Every structure is written in C-alpha cells, then in structure tokens.
Amino acid sequence: MTEPRKGQAPAKLKRDEFHLEFRRSFVDPSFEAVKGEIGKIEQVAWDNYINSHKAPITEKAGPEFADPDYDMSVEWRATRDRLIAAEAVQKDPATQSRVLLICSSARNDGSCPGEISKTFRMTKLAVEVLESAGMQADVLDLSELISAYDKHIYPCKGCVSTAMPLCHWPCSCYPNHGQRQTNDWMAEIYEKWVAAHAVIIMTPVYWYQTPGVLKQMIDRLVCADGGNPDPTTTSGKNASKAKDLELQGWPYPKHLAGRAYGLVVHGDVAGIEGVRRGLSDWLDWMGLIEAGKMARLDRFIGYYESYAKSHEVLDLDLAMQEEVRNVARAVANAVSGIRAGHLAEPDEGLRPPRPK
C-alpha cells in the first residue's frame, strides 16, 4: 500500500486563538445584548472543532454501498440522491430540454459595485433565445456569492491529487461543521449541472483569468470527472485506501459527459482568447460536446475605453448582442440533435490509452 506523505498541516488552534477567531463574526455592538448566549454557543463550537465533528449526523450506508456498515453523512446522501433523481429526469426523452446558463461575473447592483454586470445582460439575451425555442433556461448567477447572505463555494481541497477515488461524486469535503464550513452552494450547483442537457458559460476576463467565483465552481467540479460515487470504498477520507484502490485500476467515470456547451467570453483590453480556450479545453476534457464554432465567442466590449460607459458601449454593439444570441441558438440546435440521437462526438466510443 502506498503511504500518504505527511508534515504540512498546521496545528489546531488553541482555545484562546479559537476565541479570537470565533468572536470576529460578532463585533457589531448589537450582539452585546446576547453576549452570554454567544459564549455558550462558542463553547459548543469549540467542542465540535477540537473533536473534529465534520459530519455530525450519520446513518448506516446500507446494502447499495460497498460497506453497508459505514456511517454515512445524511447531508451527502441527500445530495447524492437528488443527483440520481435529476439524472433520471435528464435522460427521460419525454422531458423538456434544459440549458444551464452560468453568469460568471462577480458584479451585481446588490453590493459594492452598485451596478449590474454586462455578463448578466448577455445572459438575459440567451435566455430569450432558448425560451423561444421551447427550452427551459436555468440561470446560475455566481455573483450571488458577493451579495447573498452566508452563501459559499468553498475551495477544492485537492483530494484527487492524493488519489482519484478519494474525490467523491458529489464532493464529500463539505459541509465540515467542526470547522464552520457550512452552507456550501455546490450541493445545489451539482444538481443544476446534472439536470441540464447543455451549459452556456458567460464570463468576463479578470486579470487574464476567469473570475474567482467561476474558478471556485470549476475546481469543485473535478469530482464530476473521475469522481468516486461510493465513499464507503475509501472509508470516507482514508488516503491509503484510496491510493490502493486507484492503483488496482480506476475507470475515471465522466459524470457529466454528453451534454452540449457554449461559451461567451468578453473583456476590455486582453485575455479573451486564453480564457475561452482554457474553458473549451476543460469542458472538452469532461466529455461535453461543443455546439459548433458559433457557440464559442470571445469579444472585446469597448476596447481600451472607460469602464464607466461600458454599458453604453454594449448598447451600441448590436453585432455583439446578435453573436450572443447565436451562441444560444447553436446550443439549442445541439441539444435537439443530441436528444434525437443525431449528434455525438466523432470519437465517441474510443478508449483512451491514458485514462485520467
């Protein structure tokens, strides 16, 4: 058995350090009236932290899993059951076609920026096209991470780099109640991806890269590409067992393969081609089907012009608006072709000599 390397993790906080960290959430003077109650909650939180209460509510996994006696998180099981149900509906030929539109700008008018994003406006253009084609358009607005109360996409912990089977589908790293890593939005986002017949990602360029809100989601989708649907096979997060399981031969299941995709990448100075290419490569790797060259768009809006008037520039750029609509039209055509059995990847069925 290949042994995991050790020696990097920081020590747990001491009690006084935990107190300082915990109380930072309660600096508003209005909390002073319930100071005693907060102290009691802090003590419970400390006990949960020091005793590593990651998944405090569990039940036996049962006969459908490799280890029926494994104490499984009821929260993980609930997410997993929703994904199974969503997959069944998605594969039912009688159901309405669904396209997930991801608005990846971190800007909206509900917080510090004080204005909607151009990405949101383009998302609305695509929604109109898809709905006119008789499809259900589901919008995932990642800017809610800056303005919705206590909503989070926590970072990927990199379990896959220890061993692929340690990365569970769906992700079992969160919630971690002992470390107060709760309200993880990804539990809902996984379901949105599974339910969709196609995905369109709309994103601006932030410093030559995707916005952080989009990158957080992308990293947490690693479990969709090769992830282990049975956490009992690794006894939860037992790294040694996961390494041994991978070395026996791992199939790297692609849980989202076969869905269509489109991309709209926009910027104002540089970086649009690199971001679009990186997103295309990622989606291709996961087994999604590109909906044609018109489904991949990268454009500048107001090249080297002021940020202040960028919405006015988009108002006047009718060609850009129509190109966005064409992305949606191309994806709608691809969805219809896939569901009718007319569209598939030419290399479908070929077995890669280097599966990973």
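A few points about this structure:
- Of the candidates 79, 123, the single residue that is under 19 Å from the mean Cα position of the chain (by Cα), of a type in the set (Ser, Thr, Tyr), surrounded by 13 or more Cβ atoms within 10 Å (Cβ to Cβ) and within 30 Å of residue 176 (Cα to Cα) is 79.
- Here residue 136 meets each of (1) surrounded by fewer than 21 Cβ atoms within 10 Å (Cβ to Cβ); (2) within 30 Å of residue 12 (Cβ to Cβ) with one exception, condition (2).
- Residue in the stretch 53-75 that is in contact with a Leu (Cβ under 6 Å, 6 or more places away or on another chain) and either under 30 Å from residue 263 (Cβ atoms) or touching a residue at least 24 places away in the same chain (Cβ under 8 Å) (or both) present: no
- Per the conditions (1) touching a Lys or Arg at 6+ places or on another chain (Cβ under 9 Å); (2) part of a helix (DSSP H, G or I), the sole criterion not satisfied by residue 302 is (2).
- So residue 21, is it farther than 30 Å from residue 337 by Cβ, out of contact with any Gly (no Cβ under 8 Å at 6 or more places or on another chain), modelled with pLDDT of 95 or more and not in a loop (DSSP other than H, G, I, E, B): yes
- Test result for residue 270, out of contact with any strand residue (DSSP E or B) (no Cβ under 8 Å at 6 or more places or on another chain), more than 25 Å from residue 329 (Cβ to Cβ) and modelled with pLDDT of 95 or more: yes
- Some residue of the stretch 181-190 being closer than 25 Å to residue 261 by Cα, modelled with pLDDT of 95 or more, part of a loop (DSSP other than H, G, I, E, B) and polar (S, T, N, Q): no
- Top-ranked residue of the stretch 168-197 - restricted to ones that are acidic (Asp, Glu) and without any contact (Cβ under 8 Å) to a residue 60 or more places away in the chain, ranked as farthest from residue 73 (Cα to Cα): 188
The values are calculated or read from the model by the stated rules, or taken from the named source; none is laboratory data. Predicted, not measured: the structure shown is a model, and the values here were computed from it. For neighbour counting, all protein chains shown are included, and Cβ atoms are generated from backbone atoms with ideal geometry for every residue, glycine included.
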